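Taking it in order: structure first as structure tokens, then the write-up.
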Amino acid sequence: MATAAHPARRSVAADDRVRGLIFIVAMVVVMWALEVVDLVGGSLDSDGIHPRDVDGLTGIALAPFLHAGWGHLIGNTVPFLILGATIALSGLARTAAVTGIVALVAGLGTWLLAPGNTNHIGASGLVFGFAAYLVARGVFSHRALHIGVGLAVLAVYGTTLLFGFVPTPGVSWQGHLFGAVGGVVAARVLHASTGRPAPAAS
């Protein structure tokens, strides 16, 4: 016989969602704070991903927080918050894991395959990764809610995702592509063993 969740467990789950949301908002706060530093002469934009330059490996961690001006930052902030908040409903641990996997795959892919003597910055790799994760999650979890969310993401961002993969001068399409790959990897890793719901006791 299936039983209702204990109130304390529901409270813990709600608190974990709040922590996930705080994690996403905190990342945005850091992005905006660093852009302010840049505005007053911080010159942080050069610390992005420099393909096949060993020193540029540090940019894998830094690049998502750096942006080429306010327009670039605002353009990434809105979808980052929407998609990130959707993932945060699964809790802090899941949100942090997805973010870490996407950032690593996007960063390494860009570092390995983007043209030399270029500098790649911006949170768009995470944005594409979050979108791809939400779409792929339904494929691996087989949950109706996840499938519905994935379809909604495709309806809203599908065209943007496709155009983001088109090679364009001055745009890190490699970051977009490998961010999306990272999102699929995250969905596969995090949902491979959780696709089937636990059976209810009888």
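Here, each number is a calculation from the coordinates, and none is a lab measurement. Bear in mind the structure is a predicted one, so any value in this text is a computation, not a measurement. Note: ideal-geometry Cβ built from the backbone for every residue, glycine included; neighbour counts use all protein chains shown.
Which length gain, in nm to one decimal place, applies between L44 and A97 when the Cα-Cα distance is subtracted from 0.36 nm times their residue separation?
On the way: separation 53, 0.36 × 53 = 19.08 nm, distance 2.61 nm.
This chain segment gains 16.5 nm when fully extended.
Given Cα pairs under 8 Å that are at least 6 residues apart, what percent is the relative contact order of the chain? Each step should come with its number before you reach the end.
Details: 334 pairs, mean separation 50.6, N = 202.
Here the relative contact order equals 25 percent.
Can you tell me, using C-alpha contacts under 8 Å and at least 6 residues apart, the relative contact order of the range 74-164 as a whole percent? Walk me through the numbers on the way to the answer.
On the way: 59 pairs, mean separation 24.8, N = 91.
Rounded, it is 27 percent for the range 74-164.
Backbone phi angles across the range 14-29, fed through the Karplus curve with coefficients 6.51, -1.76 and 1.60 (θ = phi - 60°), yield HN-Hα couplings of 5, 4, 5, 5, 4, 5, x, 5, 4, 4, 5, 5, 4, 4, 5, 4 Hz in residue order; Gly and Pro are listed as x.
Here the calculated FRET efficiency for L113 and V37, from their Cβ-Cβ distance with R0 = 35 Å, stands at 0.70, rounded to the nearest 0.05. Return the whole-Å distance between the Cα centroid of the range 143-176 and the Cα centroid of the range 117-136. With the range 143-176 and the range 117-136 each reduced to a Cα centre, they are spaced 9 Å. Excluding G56 itself, what net charge comes from residues whose Cβ is under 14 Å from its Cβ, given Lys and Arg +1 and Asp and Glu -1? Overall, the nearby charge balance is -3. Relative to the dominant Cα principal axis of the chain, helix 144-164 is inclined by about 10°. Between T58 and L89, the simple spin-label model (points 7 angstrom out along Cα→Cβ) gives 3.9 nm. Expressed as a whole percent, how much of the Cα-Cα distance distribution for the chain exceeds 21 Å? Percentage above 21 Å: 54. How far is helix 70-88 tilted off the main Cα axis of the chain, in degrees rounded to 10, range 0 to 90? It works out to around 20 degrees.
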